[in-house]
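Q: Quick one: the structure is below, questions incoming.
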Amino acid sequence: MTPPVIKLKNIGKTYSNGKVEVDALRSIDLEIAQGEFVAIMGSSGSGKSTLMNILGCLDVQSQGDYLLDGSDIMELESDEKAEIRSTKIGFVFQSFNLLPRTTALENVELPLVYSAMPGAERKKLASAALALVGLEQRADHLPNQLSGGQQQRVAIARAVVNNPRMILADEPTGNLDTATSYEIMKIFRDLNEQGKTIVMITHEEDIASHSKRIINLKDGEIIDDRSNNPI
């Protein structure tokens, strides 16, 4: 039996603010299998961003176990976590996070730059990733020459260029209009149909409705976990 991509057991996260301790996450148990498309929802302060940071190996839990693709994250050194972030996780952010003086193609190449891969091979993979999101004709454009939707497509291409085990998307349509948001969600759905595991943070019901599973957080706890038929 194939192990889950993500397995969380009794995950908790506590922040200290002087003499006050705040529990951002409490006793989270969660498994996400290969090929799932999961939306994690919750209001501000629900813990969804904290959970996202732990899933992305950008933060560590205060208690519990996190297995990513079978590896116990707590047992890894910082350089090993960096390696996992660069090879097993593709990140997509609300603000795109593209380098402004770098072309679309070069932005997509970034996750491959520190590998031993030859430059020609990097360009080939980056070009293929841009084609996957319909932007092969914009490879030489700088971010300020692209619309917001096109910039997010570049960010998605960058996220998938190294063929990660999962894509983590943090409010990926937060800076986009409704029509463009639906175009971006179609790309995510197409990637999921191709077998990509996608975990998306959102506070918008209509965006979450594109996923196949919706998890709701409140006060650091999972209060609902249900299957969904995408619209």
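Read the figures in this text as sums done on the coordinates, not as results from a lab. Only a predicted model underlies this, so the values are computations on that prediction, with no experimental measurement involved. Every residue, glycine among them, receives a Cβ derived from its backbone with ideal geometry; neighbour counts consider all protein chains shown.
Q: Could you list Ile84, Ile28, Ile40 in order of exposure, starting from the residue whose Cβ has the fewest other Cβ atoms within 10 Å?
A: Numbers: Ile84 18, Ile28 23, Ile40 29.
Ascending number of Cβ neighbours within 10 Å: Ile84, Ile28, Ile40.
Q: Can I ask one more? Please compute the Kirkwood hydrodynamic radius of the range 80-190 from all pairs of different C-alpha atoms, in Å with one decimal.
A: On the way: mean 1/r = 0.0721 Å⁻¹.
By the Kirkwood definition, the hydrodynamic radius is 13.9 Å.
Q: Positive end of the dipole of the chain, charges at C-beta (+1 Lys, Arg; -1 Asp, Glu), about the Cα centre: which of Leu146, Leu68, Pro172 has its Cα farthest in that direction?
A: The one lying farthest along the dipole's positive direction is Leu146.
Q: Looking only at Cα atoms, what is the convex hull volume of the range 184-224 per residue, in Å³?
A: So the per-residue Cα hull volume is 74 Å³.
Q: Can you put Val133, Val160 in order, fewest other beta carbons within 10 Å first?
A: Result, fewest neighbours first: Val160, Val133.
Q: Pairs of alpha-carbon atoms within less than 8 angstrom and 6+ residues apart define the contacts here; what relative contact order does the range 34-138 have, in percent? Walk me through the numbers before you get to the answer.
A: Numbers: 44 pairs, mean separation 14.3, N = 105.
Normalised by residue count, the contact order of the range 34-138 is 14 percent.
Q: Give the Rg/Rh ratio for the range 6-226, taking Rg as the radius of gyration of the Cα atoms and Rh as the Kirkwood radius, to two decimals.
A: Ratio of gyration radius to Kirkwood radius for the range 6-226: 0.97.
Q: In which sequence would Thr14, Thr202 go, from the one with the fewest C-beta neighbours within 10 Å to the one with the most? Could the numbers behind the result be given before it?
A: On the way: Thr14 14, Thr202 26.
Going from least to most buried by this count: Thr14, Thr202.
Q: Then there's this: Add +1 for every Lys or Arg and -1 for every Asp or Glu among the other residues with Cβ under 15 Å from the Cβ of Ile156, and state the total.
A: Computed value for this residue: -1.
Q: Let me ask something else. Can you pull out the trypsin sites (Lys or Arg not before Pro) in the range 70-123 whose DSSP state is coil and whose Cβ has at most 13 other Cβ atoms within 10 Å? Numbers along the way, then the final one.
A: On the way: sites: Lys81, Arg85, Lys88, Arg101, Arg122, Lys123; in loops: Lys88, Arg101.
Listed in order of number, the matching sites are Arg101.
Q: Any idea how far apart Lys124 and Asp72 come out in nm if each label point goes 7 Å out from Cα toward Cβ?
A: The modelled label-to-label distance comes out at 4.0 nm.
Q: Could you give the length gained on full extension between Arg226 and Glu204, defined as 0.36 nm per residue of separation minus the Cα-Cα distance, in nm?
A: 6.3 nm
Q: Once label points are set 7 Å from the Cα along Cα→Cβ at both Ala116 and Asp29, what is their separation, rounded to one decimal in nm?
A: Modelled inter-label distance: 4.4 nm.
Q: In deg cm²/dmol, rounded to 500, what helix-only [θ] at 222 nm does the chain give when every DSSP H run of at least 4 residues adds -39500 (n - 2.57) and the total is split over its residues?
A: Theoretical 222 nm ellipticity from helices: -9000 deg cm²/dmol.
Q: Kyte-Doolittle mean at least -1.0 and Cα extent at least 15 Å along the axis: which DSSP H helices of the chain qualify?
A: Within the chain the helices that satisfy the rule are 119-132, 148-160, 178-193.
Q: Compute the distance from the alpha-carbon center of the range 50-80 to that of the range 184-231, in whole Å.
A: Their Cα centres are 21 Å away from one another.
Q: For a paramagnetic label modelled at 7 Å from the Cα of Gln194 toward its Cβ, which residues of the range 101-138 fall within the zone defined by backbone nitrogen distances under 14 Å?
A: The answer is 125-136.
Q: Taking 0.36 nm per residue of sequence separation and subtracting the Cα-Cα distance, how much length would be gained by fully extending the chain between Thr102 and Asp140, in nm to one decimal?
A: Working: separation 38, 0.36 × 38 = 13.68 nm, distance 0.88 nm.
In short, 12.8 nm is gained.
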